[in-house]
Amino acid sequence: MKNNKDLFSENMPSQLQNKILKNADQLLLENKKLNRKSFLGWTFATGLTALAASFVIIVFKNKIKTEDSILDIAGVIPLVEDIDSEEDIEMFADFEVVEDLDLLELMDDET
Amino acid sequence: MSNSDDQTLILKIAQGDKKAFGQLLLQYQDLVFGLSMKMVKNNSVAEDIVQETWMKVIKNANQYSPVGSAKSWILQIHRNLVMDYFRETNKWKNSEDIEDCDIVDDSENIYNLIDGHEKQAAFHKFFSELDEREKLILTMVIVEELSYSEISQKLKLTVGSIKTIVFRAKNELKQKLSLAEGGL
């Protein structure tokens, strides 16, 4: 059975079709330009976000490093206070501050 | 062609694809043209509305959201333009000036009333003679397949009024077609 929609359809004259296609050209071109613009905008925004994220990560990492160094120094201060002679200073300079804490304690005991 | 194909075409039109527009136009041009010619008595205005419909399809393609069908979206653009024209020419009655009448049966498929080419031609003639509001609502029911409550929301009329308008319009068509059949 044919449906009601067929009842309302009529063949559109080719002249009108051509007119529509001709007028459509300019608008489609505008759509293309708009689409290209929004793509460039999207790329720029994504790049900017990535840059900002990298900056935040670098700053954050540096901050952690600085905090670690402060903590290291803070940990070493009591040891420095225990240095009495020139020999102790030389020995202390040879140690890796964190790893050789046990040795330092030993040295402390000996003195 | 499926609805998802139509939606892909609209997305491509939003990117400026000429071929996609040609395909979509070919798919629905006869329906939009036929509706326009039946709704608007002035042929030149009807053609302008057809053109404007397709230009709006291109302009608004980037705003299209695939909630309903692509066909409904195109027909909605067309309907809004037809309504604008009716309003501009003071042919649109938005008031609830509809007297109640007894609706016997409004489920009849209009196509059942038309079984020959002569009757189809008569249908076109009689449909064009209907009141503007009757024509618009009847196409919303028959072609756009909208429910009475959807039409009621869109046109700000009560569901009862919509039912009455549809019933009366179908009845008028039926009577005129019967009379025409007697004369054929």
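Readers should treat all values here as calculations from the given coordinates under stated rules, not as data from a laboratory. Not measured: the values here are computed from a predicted model. Virtual Cβ from ideal backbone geometry, glycine too; neighbours counted across all protein chains shown.
Step through the residues of the stretch B:61-68 one at a time and calculate ³J(HN,Hα) from phi using the Karplus curve (6.51 cos²θ - 1.76 cosθ + 1.60, θ = phi - 60°), rounding each to whole Hz and writing x for Gly and Pro.
4, 6, 9, 5, 10, x, 7, x
With the crude spin-label approximation of a point 7 Å out along Cα→Cβ, what separation in nm comes out for residue B:55 versus residue A:55?
Here the modelled spin labels are 4.6 nm apart.
Between residue A:64 and residue A:36, what's the calculated FRET efficiency when r is the beta-carbon distance and R0 is 35 Å? Round to 0.05.
0.25
Run through the stretch A:1-68 and list the trypsin sites (Lys or Arg not before Pro) located in a DSSP loop whose Cβ has at most 14 other Cβ atoms within 10 Å.
A:2
With θ set to phi - 60° and the Karplus curve 6.51 cos²θ - 1.76 cosθ + 1.60, what are the ³J(HN,Hα) couplings of the stretch B:141-154 in order, to the nearest whole Hz, using x for Gly and Pro?
7, 7, 8, 7, 6, 8, 7, 4, 5, 5, 5, 4, 5, 5
If packing is taken as the average count of other Cβ atoms within 10 Å, what order do B:50-57, B:21-28 fall into, highest mean first?
By packing density, highest mean first, the sequence is B:50-57, B:21-28.
Which whole number gives the average, over all residues in B:56-62, of C-beta atoms from other chains lying within 10 Å of the residue C-beta?
Rounded to a whole number, the mean comes out at 3.
Using 20 Å as the Cα-Cα cut-off, could you pick out the over-long pairs in A:22/B:71; A:33/B:56; B:135/B:163; B:125/B:154?
Checking Cα-Cα distances, A:22/B:71; B:125/B:154 exceed 20 Å.
Using +1 on the beta carbon of Lys and Arg, -1 on that of Asp and Glu, and nothing else charged, what's the dipole of the stretch B:1-86 about the Cα centre, debye to 20?
That gives the stretch B:1-86 a dipole magnitude of about 60 debye.
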